[in-house]
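**Q** Following this message is one structure expressed as C-alpha coordinates.
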Amino acid sequence: MRTAVVILNWNGKELLRQFLPSVIQNSEEATIYVADNASTDGSVKFLKAEFPEIRIIQNSSNAGYAGGYNQALRDLDEDIFILLNSDVEVSPGWLGPILQIFEKEPQTAVVQPKILDYKKKDHFEYAGAAGGFIDAYGYPFCRGRIFQELEKDHGQYNEDAYIFWASGACLAIRKSAFREAEGLDEDFFAHQEEIDLCWRLQNMGYRIKFAGRSRIYHVGGATLANMNPMKTYLNFRNSLYLLLKNIESPKVYFIILMRMVLDGIAGVKFLTEGKWNHFFAILRAHGSFYRKFFHIHKKRKKSRFYRDYNLINSIVYEHFIQHKNKFSELKK
(Lines give C-alpha, C1' and ligand atoms only; values in the text may rest on other atoms or scores of the structure.)
Protein backbone atom coordinates (compact mmCIF):
# COMPACT_ATOMS: atom_id res chain seq x y z
CA MET A 1 0.00 0.00 0.00
CA ARG A 2 1.87 3.06 -1.27
CA THR A 3 1.73 5.97 1.15
CA ALA A 4 2.43 9.69 0.80
CA VAL A 5 3.05 11.87 3.85
CA VAL A 6 2.27 15.41 2.68
CA ILE A 7 3.22 18.37 4.86
CA LEU A 8 1.62 21.68 3.91
CA ASN A 9 3.93 24.61 4.57
CA TRP A 10 3.48 28.36 4.56
CA ASN A 11 6.41 30.37 5.91
CA GLY A 12 7.23 27.54 8.30
CA LYS A 13 10.94 27.11 7.61
CA GLU A 14 11.84 26.90 11.31
CA LEU A 15 9.09 24.36 11.96
CA LEU A 16 10.41 22.23 9.11
CA ARG A 17 13.92 22.50 10.51
CA GLN A 18 12.67 21.29 13.90
CA PHE A 19 10.13 18.61 13.02
CA LEU A 20 10.92 17.23 9.57
CA PRO A 21 13.81 15.05 10.86
CA SER A 22 11.43 12.98 13.03
CA VAL A 23 9.12 12.45 10.04
CA ILE A 24 12.01 11.31 7.85
CA GLN A 25 13.42 9.02 10.53
CA ASN A 26 10.12 7.36 11.46
CA SER A 27 8.26 7.12 8.15
CA GLU A 28 10.18 4.47 6.23
CA GLU A 29 6.97 3.15 4.67
CA ALA A 30 6.11 6.45 3.00
CA THR A 31 7.25 8.95 0.40
CA ILE A 32 7.51 12.37 2.06
CA TYR A 33 6.39 15.54 0.32
CA VAL A 34 6.37 19.16 1.42
CA ALA A 35 3.70 21.19 -0.36
CA ASP A 36 4.69 24.83 -0.16
CA ASN A 37 1.88 27.40 -0.22
CA ALA A 38 3.91 30.18 -1.89
CA SER A 39 6.08 30.87 1.16
CA THR A 40 8.15 34.05 1.30
CA ASP A 41 10.60 32.95 4.03
CA GLY A 42 12.90 30.89 1.82
CA SER A 43 11.32 27.56 2.77
CA VAL A 44 11.80 25.97 -0.64
CA LYS A 45 15.47 27.01 -0.92
CA PHE A 46 16.04 25.70 2.62
CA LEU A 47 14.43 22.33 1.83
CA LYS A 48 16.48 21.85 -1.32
CA ALA A 49 19.68 22.57 0.59
CA GLU A 50 19.02 20.75 3.87
CA PHE A 51 16.62 17.93 2.91
CA PRO A 52 17.30 17.03 -0.73
CA GLU A 53 15.57 13.65 -0.27
CA ILE A 54 12.20 15.38 0.31
CA ARG A 55 9.95 15.87 -2.70
CA ILE A 56 8.72 19.44 -3.05
CA ILE A 57 5.37 20.54 -4.46
CA GLN A 58 5.17 24.27 -5.15
CA ASN A 59 1.64 25.66 -5.06
CA SER A 60 1.05 28.85 -6.98
CA SER A 61 -0.54 30.75 -4.09
CA ASN A 62 -1.49 30.49 -0.44
CA ALA A 63 -4.91 28.89 -0.82
CA GLY A 64 -5.13 27.90 2.84
CA TYR A 65 -5.36 24.37 4.17
CA ALA A 66 -8.19 23.27 1.89
CA GLY A 67 -7.00 24.76 -1.37
CA GLY A 68 -3.37 24.02 -0.61
CA TYR A 69 -3.98 20.32 -0.09
CA ASN A 70 -6.33 20.07 -3.05
CA GLN A 71 -3.57 21.46 -5.27
CA ALA A 72 -0.85 19.34 -3.69
CA LEU A 73 -2.69 16.01 -3.89
CA ARG A 74 -4.06 16.48 -7.41
CA ASP A 75 -1.22 14.69 -9.20
CA LEU A 76 -0.06 12.22 -6.53
CA ASP A 77 -0.77 8.57 -7.21
CA GLU A 78 -0.04 6.86 -3.85
CA ASP A 79 -2.87 4.81 -2.36
CA ILE A 80 -2.92 6.60 1.00
CA PHE A 81 -2.46 10.32 1.61
CA ILE A 82 -1.42 11.46 5.10
CA LEU A 83 -2.05 15.16 5.60
CA LEU A 84 0.41 16.15 8.32
CA ASN A 85 0.94 19.54 9.94
CA SER A 86 4.43 21.02 9.88
CA ASP A 87 4.46 21.39 13.70
CA VAL A 88 4.22 17.67 14.45
CA GLU A 89 6.76 15.24 15.88
CA VAL A 90 5.95 11.63 14.98
CA SER A 91 6.93 8.63 17.09
CA PRO A 92 8.64 5.42 15.93
CA GLY A 93 6.14 3.01 14.36
CA TRP A 94 3.40 5.62 14.04
CA LEU A 95 2.44 4.62 10.50
CA GLY A 96 1.99 0.88 11.08
CA PRO A 97 -1.29 0.94 13.05
CA ILE A 98 -2.81 3.41 10.56
CA LEU A 99 -1.93 1.34 7.51
CA GLN A 100 -3.13 -1.87 9.18
CA ILE A 101 -6.61 -0.38 9.59
CA PHE A 102 -6.73 0.57 5.92
CA GLU A 103 -5.64 -2.93 4.92
CA LYS A 104 -8.25 -4.67 7.09
CA GLU A 105 -11.22 -2.29 6.68
CA PRO A 106 -12.08 -1.31 3.11
CA GLN A 107 -15.00 0.89 4.28
CA THR A 108 -12.76 2.98 6.51
CA ALA A 109 -11.78 6.05 4.49
CA VAL A 110 -10.01 8.15 7.14
CA VAL A 111 -7.79 7.31 10.12
CA GLN A 112 -6.42 9.58 12.84
CA PRO A 113 -3.65 8.77 15.36
CA LYS A 114 -3.59 9.74 19.02
CA ILE A 115 -2.59 13.42 19.15
CA LEU A 116 -0.66 14.46 22.24
CA ASP A 117 0.70 17.86 23.29
CA TYR A 118 4.30 18.37 22.21
CA LYS A 119 4.86 20.73 25.14
CA LYS A 120 3.17 18.46 27.70
CA LYS A 121 3.52 14.97 26.31
CA ASP A 122 1.38 13.18 28.87
CA HIS A 123 -1.68 15.26 27.89
CA PHE A 124 -3.92 15.25 24.84
CA GLU A 125 -3.61 18.13 22.38
CA TYR A 126 -6.48 20.41 21.45
CA ALA A 127 -6.58 19.70 17.70
CA GLY A 128 -7.99 16.19 17.62
CA ALA A 129 -6.91 14.47 20.85
CA ALA A 130 -8.28 10.89 20.59
CA GLY A 131 -10.80 11.54 17.83
CA GLY A 132 -13.54 14.05 17.13
CA PHE A 133 -17.29 14.16 17.64
CA ILE A 134 -19.95 16.84 17.15
CA ASP A 135 -23.10 17.82 19.04
CA ALA A 136 -26.54 18.64 17.68
CA TYR A 137 -25.64 22.33 17.25
CA GLY A 138 -22.41 21.73 15.39
CA TYR A 139 -19.95 22.21 18.24
CA PRO A 140 -16.96 19.90 17.81
CA PHE A 141 -15.29 18.15 20.74
CA CYS A 142 -12.97 15.21 21.22
CA ARG A 143 -12.27 12.21 23.32
CA GLY A 144 -9.68 13.78 25.60
CA ARG A 145 -10.66 17.42 24.91
CA ILE A 146 -13.85 19.34 25.64
CA PHE A 147 -13.53 23.02 24.76
CA GLN A 148 -10.33 24.10 26.55
CA GLU A 149 -10.27 21.18 29.01
CA LEU A 150 -7.54 18.69 28.09
CA GLU A 151 -7.31 15.27 29.72
CA LYS A 152 -4.13 13.56 30.83
CA ASP A 153 -3.37 10.45 28.78
CA HIS A 154 -3.33 7.44 31.07
CA GLY A 155 -4.34 4.90 28.43
CA GLN A 156 -8.08 5.54 28.58
CA TYR A 157 -8.29 5.88 24.77
CA ASN A 158 -5.73 3.32 23.66
CA GLU A 159 -8.28 1.19 21.82
CA ASP A 160 -9.15 1.74 18.18
CA ALA A 161 -12.57 3.35 17.82
CA TYR A 162 -14.92 4.79 15.23
CA ILE A 163 -15.21 8.56 15.48
CA PHE A 164 -17.11 11.30 13.67
CA TRP A 165 -14.22 13.43 12.46
CA ALA A 166 -10.44 13.18 12.24
CA SER A 167 -8.10 16.06 12.92
CA GLY A 168 -6.54 17.99 10.08
CA ALA A 169 -3.29 17.99 12.08
CA CYS A 170 -2.83 14.39 10.95
CA LEU A 171 -5.48 13.00 8.65
CA ALA A 172 -4.81 9.77 6.74
CA ILE A 173 -7.20 9.18 3.84
CA ARG A 174 -7.56 6.80 0.93
CA LYS A 175 -6.78 8.50 -2.36
CA SER A 176 -9.89 6.91 -3.91
CA ALA A 177 -12.15 8.34 -1.18
CA PHE A 178 -10.52 11.78 -1.34
CA ARG A 179 -11.10 11.93 -5.09
CA GLU A 180 -14.65 10.54 -4.83
CA ALA A 181 -15.52 13.24 -2.29
CA GLU A 182 -13.98 15.86 -4.60
CA GLY A 183 -11.46 16.86 -1.96
CA LEU A 184 -11.67 19.55 0.68
CA ASP A 185 -14.14 22.43 0.37
CA GLU A 186 -12.05 25.49 -0.51
CA ASP A 187 -14.74 27.89 0.70
CA PHE A 188 -13.63 26.97 4.24
CA PHE A 189 -10.03 28.10 3.54
CA ALA A 190 -8.88 26.78 6.95
CA HIS A 191 -10.54 25.30 10.08
CA GLN A 192 -13.32 22.69 10.15
CA GLU A 193 -12.89 21.67 6.52
CA GLU A 194 -11.74 18.28 7.79
CA ILE A 195 -15.02 17.90 9.71
CA ASP A 196 -16.94 18.71 6.55
CA LEU A 197 -14.91 16.16 4.59
CA CYS A 198 -15.48 13.43 7.19
CA TRP A 199 -19.21 14.23 7.33
CA ARG A 200 -19.50 13.97 3.55
CA LEU A 201 -17.56 10.72 3.48
CA GLN A 202 -19.94 9.21 6.02
CA ASN A 203 -22.84 10.36 3.86
CA MET A 204 -21.21 8.29 1.13
CA GLY A 205 -21.08 5.18 3.32
CA TYR A 206 -17.49 5.35 4.56
CA ARG A 207 -16.28 5.24 8.17
CA ILE A 208 -13.78 7.32 10.15
CA LYS A 209 -11.51 5.68 12.70
CA PHE A 210 -9.06 6.46 15.51
CA ALA A 211 -5.86 4.40 15.73
CA GLY A 212 -5.04 4.15 19.42
CA ARG A 213 -1.58 2.59 18.95
CA SER A 214 -0.31 5.39 16.73
CA ARG A 215 0.82 8.57 18.41
CA ILE A 216 2.11 11.96 17.36
CA TYR A 217 2.98 15.14 19.25
CA HIS A 218 1.49 18.41 18.02
CA VAL A 219 2.60 21.92 18.96
CA GLY A 220 -0.75 23.49 17.97
CA GLY A 221 -1.46 27.09 17.08
CA ALA A 222 1.88 27.39 15.27
CA THR A 223 0.36 28.67 12.03
CA LEU A 224 -2.46 30.74 13.53
CA ALA A 225 -2.38 31.43 17.27
CA ASN A 226 -5.28 30.09 19.35
CA MET A 227 -6.48 33.57 20.31
CA ASN A 228 -5.99 35.14 16.90
CA PRO A 229 -9.15 37.02 15.79
CA MET A 230 -8.73 35.52 12.30
CA LYS A 231 -9.06 32.06 13.81
CA THR A 232 -12.18 33.18 15.68
CA TYR A 233 -13.62 34.48 12.42
CA LEU A 234 -12.89 31.28 10.49
CA ASN A 235 -14.20 28.98 13.21
CA PHE A 236 -17.51 30.82 13.66
CA ARG A 237 -18.05 31.29 9.92
CA ASN A 238 -17.08 27.76 8.96
CA SER A 239 -19.24 26.14 11.62
CA LEU A 240 -22.26 27.82 9.98
CA TYR A 241 -21.10 26.63 6.56
CA LEU A 242 -20.79 23.12 7.99
CA LEU A 243 -24.34 23.08 9.35
CA LEU A 244 -25.92 24.55 6.23
CA LYS A 245 -24.19 22.00 4.01
CA ASN A 246 -24.86 18.87 5.99
CA ILE A 247 -27.97 18.94 8.20
CA GLU A 248 -31.25 17.75 6.74
CA SER A 249 -34.21 20.09 6.04
CA PRO A 250 -36.13 21.61 7.68
CA LYS A 251 -34.16 21.03 10.91
CA VAL A 252 -31.16 22.86 9.48
CA TYR A 253 -32.77 26.31 9.80
CA PHE A 254 -33.73 25.85 13.44
CA ILE A 255 -30.25 24.56 14.26
CA ILE A 256 -28.60 27.51 12.52
CA LEU A 257 -30.88 29.96 14.37
CA MET A 258 -30.00 28.37 17.70
CA ARG A 259 -26.32 28.40 16.80
CA MET A 260 -26.50 32.11 15.99
CA VAL A 261 -28.07 32.79 19.40
CA LEU A 262 -25.23 30.87 21.06
CA ASP A 263 -22.71 32.77 18.94
CA GLY A 264 -24.29 35.98 20.23
CA ILE A 265 -23.77 34.84 23.81
CA ALA A 266 -20.15 34.08 22.98
CA GLY A 267 -19.83 37.57 21.51
CA VAL A 268 -21.16 39.17 24.70
CA LYS A 269 -18.65 37.12 26.69
CA PHE A 270 -15.83 38.45 24.53
CA LEU A 271 -17.09 42.00 25.17
CA THR A 272 -17.16 41.53 28.95
CA GLU A 273 -13.59 40.22 28.76
CA GLY A 274 -12.47 43.24 26.73
CA LYS A 275 -11.73 41.12 23.64
CA TRP A 276 -13.19 43.55 21.11
CA ASN A 277 -11.33 42.06 18.14
CA HIS A 278 -12.94 38.67 18.76
CA PHE A 279 -16.40 40.23 19.16
CA PHE A 280 -16.04 41.92 15.78
CA ALA A 281 -14.66 38.69 14.31
CA ILE A 282 -17.99 37.00 15.15
CA LEU A 283 -19.91 39.84 13.49
CA ARG A 284 -17.72 39.49 10.40
CA ALA A 285 -18.26 35.73 10.39
CA HIS A 286 -22.03 36.11 10.41
CA GLY A 287 -21.88 38.78 7.72
CA SER A 288 -19.80 36.50 5.50
CA PHE A 289 -22.26 33.65 6.10
CA TYR A 290 -25.20 35.83 5.01
CA ARG A 291 -23.37 36.90 1.86
CA LYS A 292 -22.47 33.34 0.86
CA PHE A 293 -25.68 31.67 2.07
CA PHE A 294 -27.04 30.73 -1.36
CA HIS A 295 -23.61 29.71 -2.66
CA ILE A 296 -23.16 27.27 0.24
CA HIS A 297 -26.80 26.18 0.09
CA LYS A 298 -26.30 24.89 -3.46
CA LYS A 299 -23.81 22.34 -2.12
CA ARG A 300 -26.57 20.63 -0.13
CA LYS A 301 -27.63 18.82 -3.30
CA LYS A 302 -24.57 16.60 -3.04
CA SER A 303 -25.33 15.45 0.51
CA ARG A 304 -27.52 12.62 1.77
CA PHE A 305 -27.40 14.11 5.30
CA TYR A 306 -25.85 11.66 7.70
CA ARG A 307 -28.52 11.63 10.41
CA ASP A 308 -26.91 9.86 13.35
CA TYR A 309 -24.17 12.43 13.73
CA ASN A 310 -24.42 13.71 17.30
CA LEU A 311 -23.29 11.81 20.38
CA ILE A 312 -25.10 14.26 22.69
CA ASN A 313 -27.58 17.09 22.27
CA SER A 314 -25.50 20.02 23.56
CA ILE A 315 -21.86 19.95 24.61
CA VAL A 316 -22.31 23.59 25.70
CA TYR A 317 -24.95 22.54 28.26
CA GLU A 318 -23.05 19.46 29.41
CA HIS A 319 -19.79 21.37 29.88
CA PHE A 320 -20.74 24.88 31.00
CA ILE A 321 -23.92 24.09 32.96
CA GLN A 322 -23.29 20.56 34.20
CA HIS A 323 -19.51 21.08 34.48
CA LYS A 324 -18.51 17.90 32.65
CA ASN A 325 -14.88 18.14 31.59
CA LYS A 326 -14.16 14.60 30.39
CA PHE A 327 -15.52 12.59 27.49
CA SER A 328 -16.33 9.70 29.83
CA GLU A 329 -18.69 11.95 31.82
CA LEU A 330 -20.90 12.85 28.88
CA LYS A 331 -24.44 11.51 28.67
CA LYS A 332 -24.46 8.90 25.87
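The values are calculated or read from the model by the stated rules, or taken from the named source; none is laboratory data. Note that the structure is predicted; figures quoted are calculated from it, not measured. Cβ: placed from backbone, ideal geometry, glycine included. Neighbour counts: every protein chain shown.
**Q** Looking for whichever is in contact (Cβ under 8 Å) with a residue 60 or more places away in the chain and in contact with a helix residue (DSSP H, G or I) (Cβ under 7 Å, 6 or more places away or on another chain) here; the options are Ala66, Ala72, Ala35. Which one fits?
**A** Just one listed residue meets the conditions, Ala66.
**Q** Continuing with this model, one more query. Does His154 satisfy the criteria of being assigned by TED's automatic domain parsing to the domain that holds Asp117 and within 17 Å of the chain's Cα centre (by Cα)?
**A** Considered against the rule, which asks whether it is assigned by TED's automatic domain parsing to the domain that holds Asp117 and within 17 Å of the chain's Cα centre (by Cα), His154 comes out as no.
**Q** Another question, then. Is at least one residue of the stretch 205-214 of a type in the set (A, V, I, L, M) and either in the same structural domain as Leu116 (by TED's automatic domain parsing) or on the phi > 0 side of the Ramachandran plot (or both)?
**A** yes
**Q** Please work out which residue is surrounded by the fewest Cβ atoms within 10 Å (Cβ to Cβ), limiting yourself to the stretch 115-153 and to residues that are free of Cβ contacts under 8 Å to residues at least 60 places away in the same chain and assigned to a loop (DSSP other than H, G, I, E, B).
**A** Here the answer is Gln148.
**Q** Got a sec? Which of Leu171, Leu234 is out of contact with any Ser or Thr (no Cβ under 9 Å at 6 or more places or on another chain), in the same structural domain as Lys269 (by TED's automatic domain parsing) and of a type outside the set (S, T, N, Q)? Spell out how you get there, then give the answer.
**A** Details: Leu171 fails: in the same structural domain as Lys269 (by TED's automatic domain parsing).
Going through Leu171, Leu234 in turn, the sole match is Leu234.
Conditions tested, residue by residue: (1) part of a loop (DSSP other than H, G, I, E, B); (2) touching a Gly at 6+ places or on another chain (Cβ under 7 Å); (3) modelled with pLDDT under 95.
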| position | (1), (2), (3) |
| --- | --- |
| Gly155 | yes, no, no |
| Ser176 | no, no, no |
| Gly183 | yes, no, no |
| Glu186 | yes, yes, no |
| Phe189 | yes, yes, yes |
| Glu194 | no, yes, no |
| Gln202 | no, no, yes |
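**Q** If the requirement is being surrounded by fewer than 18 Cβ atoms within 10 Å (Cβ to Cβ), out of contact with any Lys or Arg (no Cβ under 6 Å at 6 or more places or on another chain) and either among the small types (Gly, Ala, Ser) or not assigned by TED's automatic domain parsing to the domain that holds Gln192 (or both), which of these qualifies: Ser39, Ser91, Ser61, Ser86?
**A** After ruling out the rest, the residue left standing is Ser61.
**Q** Scan the stretch 249-286 for residues that are charged (D, E, K, R) and loosely packed, with under 14 Cβ neighbours inside 10 Å and report the count. Outline the logic, then answer.
**A** Going through the stretch 249-286, the residues charged (D, E, K, R) turn out to be 251, 259, 263, 269, 273, 275, 284.
Still in the list and also loosely packed, with under 14 Cβ neighbours inside 10 Å: 251, 269, 273.
Looking only at that region, the number is 3.
**Q** Considering (1) closer than 26 Å to Asp187 by Cβ; (2) in contact with a Lys or Arg (Cβ under 9 Å, 6 or more places away or on another chain), say which one Ala66 fails and leave the rest.
**A** The number of the failed condition is (2).
**Q** When only residues in the stretch 221-277 that are part of a loop (DSSP other than H, G, I, E, B) and among the polar types (S, T, N, Q) count, which is modelled with the highest pLDDT?
**A** So, considering only residues that are part of a loop (DSSP other than H, G, I, E, B) and among the polar types (S, T, N, Q), the one modelled with the highest pLDDT is Asn228.
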